[in-house]
1. Tally up the residues in region 92-103 that are part of a loop (DSSP other than H, G, I, E, B) and either among the polar types (S, T, N, Q) or in contact with a strand residue (DSSP E or B) (Cβ under 6 Å, 6 or more places away or on another chain) (or both), please.
2. For a quick check of your reading of the model, give me the residue pairs whose first member lies in region 267-293 and is farther than 30 Å from T304 by Cα, whose second is among the acidic types (D, E), with beta-carbon atoms closer than 6 Å and at least 6 apart or on different chains.
3. Restricting attention to region 114-137, does a residue exist that is in the same structural domain as V35 (by TED's automatic domain parsing), outside any loop (DSSP other than H, G, I, E, B), more than 20 Å from L280 (Cα to Cα) and not small (G, A, S)?
4. Identify all residues within region 158-190 that are β-branched (V, I, T) and part of a helix (DSSP H, G or I); write none if there are none.
5. Just the residues that are hydrophobic (A, V, I, L, M, F, W, C) and over 18 Å from H129 (Cβ atoms), please, taken from region 36-74.
6. Which of the residues spanning region 191-215 are over 26 Å from the mean Cα position of the chain (by Cα) and either assigned to a strand (DSSP E or B) or among the small types (G, A, S) (or both)?
7. Give me a count of the residues in region 216-260 that are under 22 Å from the mean Cα position of the chain (by Cα), among the aliphatic types (A, V, I, L, M) and assigned to a helix (DSSP H, G or I).
8. Condition check: within 19 Å of the chain's Cα centre (by Cα), of a type outside the set (D, E, K, R) and in a strand (DSSP E or B). Does L280 satisfy that?
Amino acid sequence: MMKSVEYTRFGEPDVLQLAERPVPLPAGQQVRVKVLAAGLNPIDYKTRKGLGFVAGQIAPQLDSGVGWVPGYDIAGEVDAVGEDCRDWRVGDRVMGMIGFPLEGGGYAEYVMTTPDMLCRVPERLSLEHAAGVPLAALTAWQALFEVGSVKEGDKVLIHAAAGGVGHFAVQFAKARGAYVIATASARNHDYLHEIGVDEAIDYTQTDFVDACYGLDFVLDTMGGDIGHWSLGVVAATGQMVTVPTVTAEQIIKEGEKRGIKTAGLTVYPDQEALMAIAELIETEDVIVHIDKRFPLHEANKAHTELETGHVRGKLVLTMK
């Protein structure tokens with residue numbers, strides 16, 4: 001048997017309960033990973049509260065009394081493979097974004113996945129740090145380089161730059177040679193300059209709309225009013241990508257009315273991009289920041305911390 005964290009109803013962090021489940025057995029091309037750490041993302045607590053697309057899809061399962069195990073980011077070691085798996089071997093150190101979006105399963109001692117969901121962990125990166133990479137880093141990467149087209153010399157604004165997605169986006173943009181402006185509270189400014197930010201704006205003291213204009217790219221990780229106001233600082237030839245799905249449609253429509261290229265983003269698993277990210281970590285062009293670690297049985301405390309919205313970098317659950 002293995003330990004996992006699950007919930008059978010939506011609600012506050014106390015709905016998260018430690019449970020036991022059978023250890024899954026791999027077959028075919030499946031890979032079983034012994035999880036050493038699992039990353040937390042805002043979608044985890046939003047779904048737990050019954051908000052968003054995933055919550056709507058898993059509601060019938062919860063109504064039937066079957067628990068759902070949250071979590072998409074994992075890092076650990078391959079400990080078993082199916083008879084047809086040729087890509088991974090027992091003992092390989094791996095990280096990946098698994099079970100996205102409807103299966104989840106990351107808050108557990110073992111997970112089952114497929115070879116294409118995994119990436120080798122760089123030697124210099126601990127498994128705890130690796131667990132903080134996949135979903136947030138892929139979100140930043142896809143926003144900047146796949147939906148967007150950030151290039152050398154671009155002036156880029158990144159909101160909530162000290163957070164999970166933000167701190168990766170800053171470093172990816174700098175690696176491409178962009179000029180990066182960031183919004184964050186004053187307590188994070190020294191940290192942001194350490195990871196390459198050229199200008200840091202304290203959103204509690206300064207209106208970024210007054211401080212910015214004619215930008216080539218804006219990454220909106222906030223949505224709502226911030227997203228709408230951000231359209232006003234984008235150049236006519238620039239682009240904005242908005243991540244929050246709740247307000248994305250309204251912001252995109254407003255952008256279209258203004259003639260500004262505006263797009264939404266829902267992250268998706270991408271092994272090739274994750275490998276490119278791993279290379280940047282290996283060469284130390286990107287540093288993964290872990291704010292706090294929680295043991296698996298304190299997942300409720302981790303969710304409470306996550307919901308404050310003041311996490312620098314990432315939070316992870318450890319299985320020890």
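1. Just the residues of region 92-103 that are part of a loop (DSSP other than H, G, I, E, B), to begin with: 92, 98-103.
Those left that are additionally either among the polar types (S, T, N, Q) or in contact with a strand residue (DSSP E or B) (Cβ under 6 Å, 6 or more places away or on another chain) (or both): 92, 98.
Summing the residues that are part of a loop (DSSP other than H, G, I, E, B) and either among the polar types (S, T, N, Q) or in contact with a strand residue (DSSP E or B) (Cβ under 6 Å, 6 or more places away or on another chain) (or both) in region 92-103 gives 2.
2. Pairs found: Q271/D116.
3. yes
4. First, pick out the residues of region 158-190 that are β-branched (V, I, T): 158, 165, 170, 180-181, 183.
Of everything in region 158-190, those that are β-branched (V, I, T) and part of a helix (DSSP H, G or I) turn out to be V165, V170.
5. Listed by number, the residues that qualify are I43, L51, F53, V54, A55, I58, A59, L62, V66, W68, V69.
6. Start the filter on region 191-215 by keeping residues that are over 26 Å from the mean Cα position of the chain (by Cα), which leaves 205-207, 209-214.
Matches in region 191-215: A211, G214.
7. Looking only at that region, the number is 5.
8. Working: within 19 Å of the chain's Cα centre (by Cα): yes; of a type outside the set (D, E, K, R): yes; in a strand (DSSP E or B): no.
So L280 does not fit the description; no.
The values are calculated or read from the model by the stated rules, or taken from the named source; none is laboratory data. Here the structure is a predicted model, which is why all the values come from computation and not from measurement. Reconstructed Cβ throughout: ideal geometry from the backbone, glycine too, with neighbour counts over all protein chains shown.
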